[in-house]
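K.L.:
This is the structure I have questions about; it appears just below.
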Amino acid sequence: MNTERIIHTEEINTLIENQLQEWPMAKANFDALVKARRKRVAVGDLETGVQFNPARIRSTGADISKEAIAARKCFLCRENRPAEQHTHNLMSGLEMLVNPFPIFPVHFTFPAKEHRPQTAPPPAMVLLAIKFPDLCIFYNGAKAGASAPDHLHLQGVLSRELPLIRLVERSHPAGGKSLMWSEEFGKDLPFRFLSGVVNPEETNMETLRTLLTTFGHDKEGAPDAALVNTYFWIDPACGLLRGIAIPRRAHRPSCYTAEGTDRLIVSPGAIDMAGMIITPREEDFEKITSEDIRRIYREVAFESQTSI
């Protein structure tokens, strides 16, 4: 694959179609998306979606303890992947794979060629967003949704699929400040995040640096690069590069380990934080409410500047 060429949706769809012709398991999971149950749940001014997706229990239920990670083979390393999985080489030491456990009809994973940990959002995110202008490229910190924190990787889905992306495009004027915190939007939002606008032709390095180095804090109040979800994409209305950084405080909410009717198996990664909540259990899909989602967001992220 030419690493400098711009790749649009038509070619992306062809890559997926070619992959699914040779990988029955992945095809079954993509076909199941057509029947996946979805509903809308407003959380203040963020119009979230909820998706019942049983196949995502692999990620949502992943054991991310050091012991479990040490005991398993890394499923992102080339030698451990299924023979049917196509690999496309990209820039900056990254490969491109069709995600066999998709949340959307277009869902890619971009792992590093070498096995190294998920330590901080890599600058390669920006290059990928420019190369794939129809995709939102996102990063799960090692304690912020990553189910494979031992292997650096990014993911990509169509930007228009994510409610938070659409809200930011409406709320942060492209011709205004390059950086805005979400409280400046004047909206009822369930967590705090940083939004940035950058011209890819005249790269504002300070804006990029800030977006790539905005992290959450651990329980002692120390900055922790593992506690963040980061996104980059091209705004189709103005052609400018946009980014979001969501500081995190926890990997999972208290409901994840609660007992009885209080339990909701929701482990928020970047897609959940961007407004699409994934529920592998149908019972959770049925009962989750706006108040539940707001509480989940509040427990894994920050409500305001004073809560950080």
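K.L.:
Quick one: accessible area per residue over the chain, 1.4 Å probe, rounded to a whole number of Å²? Show your work: numbers first, answer last.
P.N.:
Working: 13460 Å² over 308 residues.
Per residue, the chain has an accessible area of 44 Å².
K.L.:
Something else: Output the peptides 158-164, 269-275, 236-242 sorted from most to least packed, where packing is the average of other Cβ atoms within 10 Å over each peptide's residues.
P.N.:
Result, highest mean first: 269-275, 158-164, 236-242.
K.L.:
For ARG37, what is the net charge nearby, where nearby means another residue's Cβ is under 10 Å from its Cβ and Lys, Arg count +1, Asp, Glu -1?
P.N.:
Result for the neighbourhood of ARG37: +1.
K.L.:
Determine the distance separating the Cα centre of the stretch 69-88 from the Cα centre of the stretch 169-234; give it in Å without decimals.
P.N.:
If you average the Cα positions of each part, the centres end up 32 Å apart.
K.L.:
Right, here's the next one. Express in Å², to the nearest 10, the accessible area of HIS86 obtained by rolling a 1.4 Å probe over the protein heavy atoms while all chains stay in place.
P.N.:
Counting only protein heavy atoms, HIS86 exposes about 50 Å² to solvent.
K.L.:
Run the simple label-point estimate for SER92 and ALA42 please: 7 Å along Cα→C-beta, distance reported in nm.
P.N.:
3.8 nm
K.L.:
Same structure, new question: In the chain, which cysteines lack any other cysteine Cβ under 4.7 Å from their own?
P.N.:
If one checks each Cβ against the other cysteines of the chain, CYS136, CYS238, CYS255 turn up with nothing under 4.7 Å.
K.L.:
Treat each spin label as a single point 7 Å out from the Cα along the C-beta direction, and report the ILE57 to ASP31 distance in nm.
P.N.:
Calculated label separation equals 2.1 nm.
K.L.:
Excluding same-chain residues fewer than 8 positions from LYS219, which aspartates and glutamates have a Cα within less than 17 Å of its Cα?
P.N.:
GLU299, GLU303
K.L.:
Stick to Cα atoms and the Kirkwood definition of Rh, then tell me Rg/Rh for the chain.
P.N.:
Reported Rg/Rh (Cα atoms, Kirkwood Rh): 0.93.
The values are calculated or read from the model by the stated rules, or taken from the named source; none is laboratory data. Not measured: the values here are computed from a predicted model. When we count neighbours, we look across all protein chains shown, and the Cβ atoms used for this are built from the backbone with ideal geometry, even at glycine. These accessible areas exclude ligands, DNA and RNA; they are computed on the full protein's heavy atoms, side chains included. Shrake-Rupley method; radii C 1.70, N 1.55, O 1.52, S 1.80 Å.
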